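The structure under discussion appears below in the form of structure tokens.
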Amino acid sequence: MKEKAECYPYYEKLMKVKLEQSATETTEYKALAEHYPHLAESIRLKMEIERLKEKLKSEKERPSRFQIKREMNVTRAKLKQENMLKRLHGESKQEAIFRTHFIIGTSKEHISSLVMTLRKAYTSVQKKLRMLMYRRLPPSVFDLKSLDTTEKGLALREWIQNHGKKRH
């Protein structure tokens, strides 16, 4: 169980590696390949297929497109072979566990970033609403307590006139 827990971070980092990097050069690949060689190789082959797909999209010449498609087919055949070896050695079950943890972890990260974005938007809207509300309120009761009755009436009339002008 401890070995499985130690290998998951390598799996997670390997899944997040950019397509431009070679998977075999990373330390995560080497560490995962020590314990789960077929799993690591299948991840590398999947990344290779994705890289070839990107290359195929950008390629214009027909002969080179044909060559890329041939490479993709060879890589897919190797991937099928690795999938068989994963099942044979019991690594497919571990991959399913790793994938589940990875999906849950990335979902949590996505949701937490969404929540943070919504909180920021909520606070800015809240501030704007407060400002609008304070503009429309008459002078504060605490301000009016310091004034005598004639000044209170005058301050309220002024506010009503100014507020009416802004409104129309």
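The values are calculated or read from the model by the stated rules, or taken from the named source; none is laboratory data. Predicted model only: the values in this text are computed from it and were never measured. Every residue, glycine as well, gets a Cβ built from its backbone with ideal geometry; the counts of neighbours run over all protein chains shown.
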Selected residue (only one of 84, 15 is at pLDDT 85 or above, on the phi < 0 side of the Ramachandran plot and assigned by TED's automatic domain parsing to the domain that holds residue 103): 84
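Being free of Cβ contacts under 8 Å to residues at least 24 places away in the same chain and over 17 Å from residue 67 (Cα atoms) is the filter here; which residues of region 38-53 pass it? Before the answer, list the steps.
In the first step, residues of region 38-53 are kept if they are free of Cβ contacts under 8 Å to residues at least 24 places away in the same chain; the result is 44, 52-53.
Result: 44, single match.
Each row is one residue, and each column tells you yes or no for (1) acidic (Asp, Glu); (2) over 30 Å from the mean Cα position of the chain (by Cα); (3) loosely packed, with under 13 Cβ neighbours inside 10 Å.
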residue	(1), (2), (3)
45	no, no, no
50	yes, no, yes
56	no, no, no
86	no, no, no
100	no, no, yes
125	no, no, yes
Residue 70 in a helix (DSSP H, G or I) and in contact with an Asp or Glu (Cβ under 8 Å, 6 or more places away or on another chain): no
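Would it be correct to say that residue 82 is in a helix (DSSP H, G or I) and touching a Ser or Thr at 6+ places or on another chain (Cβ under 6 Å)? It would help to see each step written out before you state the result.
Details: in a helix (DSSP H, G or I): yes; touching a Ser or Thr at 6+ places or on another chain (Cβ under 6 Å): yes.
Here the answer is yes, as residue 82 does meet what is asked.
So which of 119, 65 is surrounded by fewer than 12 Cβ atoms within 10 Å (Cβ to Cβ) and farther than 23 Å from residue 12 by Cβ? Please lay out each step first, then the result.
Details: 65 fails: surrounded by fewer than 12 Cβ atoms within 10 Å (Cβ to Cβ).
Within the list 119, 65, the selection yields 119.
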Pair list, Cβ under 8 Å, 6 or more apart: region 8-19 residue free of Cβ contacts under 8 Å to residues at least 24 places away in the same chain and closer than 14 Å to residue 91 by Cβ, other residue buried (at least 17 other Cβ atoms within 10 Å of the Cβ) and acidic (Asp, Glu): 10/28
